[in-house]
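Below you'll find the structure, written out as structure tokens, and then a few comments.
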Amino acid sequence: MSSSFKTTCCYCGVGCGVIVHKERNGSLRVEGDKDHPVNKGLLCSKGMNLHYTVMNTTDRLLYPEMRYSKTMQRQRVSWNVALQRTAAVFKTFIQKYGPDSVAFYASGQCLTEEYYVVNKLIKGFIGSNNIDTNSRLCMSSAVTAYKMSLGDDSVPVCYDDIELADCLFVAGANPAWCHPIIWRRVEAARASNPDLKIIVSDPRNTQTCAYANVHLQLKPGTDVVLHHAIGRLLLEEGAIDIHFIKNHTEGFERYKQKVMQRTVAEAAAICDVPEEKLREAAGYIARSKGFITMWTMGLNQSVIGVNKNLSLINLNLITGHIGKPGSGPFSLTGQPNAMGGREVGGMATMLSAHRNLASEADRTFMQQFWGGTTINSNPGLTATEMFDALNDGRLKAIWIMGSNPLVSLPDVHKVEAGLKRAKFVVVQEVSNKPETLQYADVVLPAAAWAEKEGTMTNAERRITYLYKMVDAPGEALPDAEIICRFAKAMGYHGFDYNSFAEIYDEHCRATKGTNIDISGLSYEILKDARSIQYPYKENGKETPRLFTNKQFYTPSKKAIIHAVDDENESEPTTADLPLILTTGRIRDQWHTMTKTGKVSKLKKHIAQSFLEIHPDDAAERGIAENDLVEISNNRGQVRVKAKLTPDIKSGVVFLPMHWGKILNSDLNRANNLTNNLLDSKSKQPDFKYAAVAVKLY
Ligand code: SF4
């Protein structure tokens, strides 16, 4: 019998509704859900080909594997043997070196229930905060900035605000390629309101810029200077909301002094943007009635990522464009469930339900709630710090869940050295492709999207229930079940769940009384409603936008305007390394291509890695279109073909981040070149700025 399921696309944080049709022969077909509030039936190229990711199982891990020593080949073993042995090794390390000798590195692809149990396991029972996820690479600067300015990690806006705004400032993002369905909504909004003004800041002239009224093609690393210059112009034009500033914010006077320190002309010179374009952008914001700032990795993936975020959020705060329809600061999440991971506190610096790891009361609450061990007050190792700790021997064992750090982490040779030095590596994974598998002592096959149930939260705080539609191949199990079986093998109580609904309900109970309260929101309500935006009120009401009462989550209930420094702290270019490398995504690929790489239709758009370089920089080096070039610095090399385009700023080059090893060559891997610098507050790496040399190969 054929059947249909209403579920959510598992690729990105947009969270589009899809209907999956399961035919009598077991094959799947996907269509956009016309009734879904996010995408209204539309899907991007990745979403349209979603079903291939589960129907093609040729690349799947099917059985647990294990080896007893580094010199042995892994052998297929039973789940019981794999988990008992892993538990024995973890117990030995914990006894001998303490709880901080082990770590879990998870993924924004995990469902909320999966995040919840692994976070509970390590923080509540093992007694370490060594859990981080690849979401650290994606939005931790936005999380920190939201907390600092609004009092909690809180996205105030919703997608419906796009149609209500008359000015959008897209900063360091290319949603036309990376959040395509959001961009379709922007295009539709422009079609019905030609007065909608769009400002884009980006060193590259991307597809998003095609819709911009003004493109601020700034020099990488100068975003804070640019945001401050716009702030200054708004002040000078009297286009600020004095009543809102006075009654609902703190810190304005310091901010005013800060932005007045540079003239607009000086700022324009630093950013290498024409002054009149800054004035044009400020004019659009000044005249708007609804103003949304939108950003992603161009701001977040920076050594000053938090400052970039804060200086952008300030533009909403000084104009009072927050907490009302069509206005607010909107961090566009990259991964499908980075938000869900944040809700359960599944990172090294957080506690469940947005509770504060630094607060003794919050730690005590969670310890009593879980009934486990004392929760450590020290933040755990973050994503890149885990691999530093493997290198220097502090960390003995790492458990990698659904992530591919040998492609996705910066300065990846250092990551590889860490995995070589690790005493014990567990890889829990869907695909047999990740490079990490070569270092695994234990491999645990995981179920994929459509093969398990659970929940995810998209970028606008919308929680959706995902159905299990097909059985996982071989002996693959849902991630949450693997973690619970392991916890029981460790001898911990509190992991005897009879269903995923029980895990979800426990998480919901932990949110009671917090800013993300979903304590009354069951699987049944979610299935009926299709999706709900939190906080969820007991009267059955969701919350499309936050702060409509102008009461923020800070102790004073006022939003904080931070007067941040505008200096960039990235590694400087030199005579030998004169170009700035920036990295990013292409339209039809996702992350390290373990899913999209197996869909042949998606390779048609761009089949190979490439270096985008300005014709002037190319001419200086004797490089022509399609020439093989070498990009290098003291961390490594990449060799790809050159793509000459005036769309990239002179002095800047771009590599896509998706490619790893091909036929044992790692010369397509952009992260051979990226650096180890982290934002001091968010610990997010500086992916968008590495000093490199480029030459004809
Ligand atoms: Fe899936 Fe994101 Fe595309 Fe929507 S925009 S279909 S969620 S990949």
From phi via Karplus (6.51, -1.76, 1.60), per-residue ³J(HN,Hα) for segment 643-652 in Hz, x at Gly/Pro: 10, 7, 7, x, 6, 9, 5, 4, x, 10
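Going through the cross-link list 6/603; 661/695; 396/420, which pairs have a Cα-Cα distance over 18 Å in this structure?
Table pairs above 18 Å Cα-Cα are 6/603; 661/695.
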Extent along principal axes [Cα atoms of segment 528-628; Å; largest to smallest]: 66, 44, 20
Relative intensity, log₁₀ I(q)/I(0), of segment 612-697 from a Debye sum that treats every alpha carbon as a point, q = 0.12, 0.13 Å⁻¹: -0.37, -0.43
Proximal charge balance of residue 579 [Cβ under 15 Å; K/R count +1, D/E count -1]: 0
Residue 91 versus residue 207: modelled label distance in nm, points set 7 Å from Cα along the beta carbon direction: 5.4 nm
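Work out, in µm²/s and without decimals, the Stokes-Einstein translational diffusion coefficient of segment 527-575 at 25 °C, 0.890 mPa s, Rh from Kirkwood over C-alpha pairs. Each step should come with its number before you reach the end.
Details: Rh = 15.4 Å.
Once the numbers are plugged in, D ends up at 159 µm²/s.
Write down the Kirkwood hydrodynamic radius of the chain, to one decimal in angstroms, obtained as one divided by the mean of 1/r over all alpha carbon pairs. Intermediate values should be presented prior to the final figure.
Working: mean 1/r = 0.0391 Å⁻¹.
Roughly 25.6 Å, rounded to one decimal.
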Residues 284, 504, 52 arranged by fewest to most Cβ contacts within 10 Å: 52, 284, 504
For segment 429-583, average projected area of the Cα convex hull in nm²: 16.5 nm²
Inter-label distance, nm, simple model (7 Å from Cα along the C-beta direction), residue 639/residue 601: 3.6 nm
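Quick check on segment 338-466: take the gyration tensor over C-alpha atoms, sort the square-rooted eigenvalues as a ≥ b ≥ c, and tell me if it's rounded (a/c under 1.5), prolate or oblate.
Judged from the Cα gyration tensor, segment 338-466 comes out oblate (a/c at least 1.5, b/c at or above a/b).
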Contour minus Cα-Cα distance for residue 377 and residue 243 (0.36 nm per residue): 44.2 nm
Share, in percent, of DSSP beta bridges within the chain that are antiparallel, nearest 5: 50 percent
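If packing is taken as the mean number of other Cβ atoms within 10 Å per residue, what is the order of 330-338, 70-78, 198-206, highest first?
On the way: 330-338: 28.0, 70-78: 11.7, 198-206: 23.9.
My ranking of the peptides, most packed first, is 330-338, 198-206, 70-78.
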Gyration tensor (alpha-carbon) shape descriptor, segment 3-55, a/c threshold 1.5: oblate
Amide H contacts under 5 Å for residue 289, placed H, 5+ residues apart: 166
Expected 222 nm ellipticity per residue - DSSP helices of 4 or more, -39500 (n - 2.57), all of the chain, to 500: -8500 deg cm²/dmol
5 angstrom amide H check on residue 431, placed H, neighbours 5+ away: 61
Whole-number percent relative contact order across the chain, with pairs defined as alpha carbons under 8 Å at least 6 apart: 19 percent
Extension gain (nm, one decimal) between residue 417 and residue 569, 0.36 nm per residue minus Cα-Cα: 52.1 nm
Other-chain or far-sequence residues with amide H under 5 Å of residue 627's (modelled H): 642
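Readers should treat all values here as calculations from the given coordinates under stated rules, not as data from a laboratory. Quick caveat: nothing in here was measured; it's all calculated off a predicted structure. Heads up, the Cβs are rebuilt from the backbone with ideal geometry, glycines too, and the neighbour counts pull from every protein chain shown.
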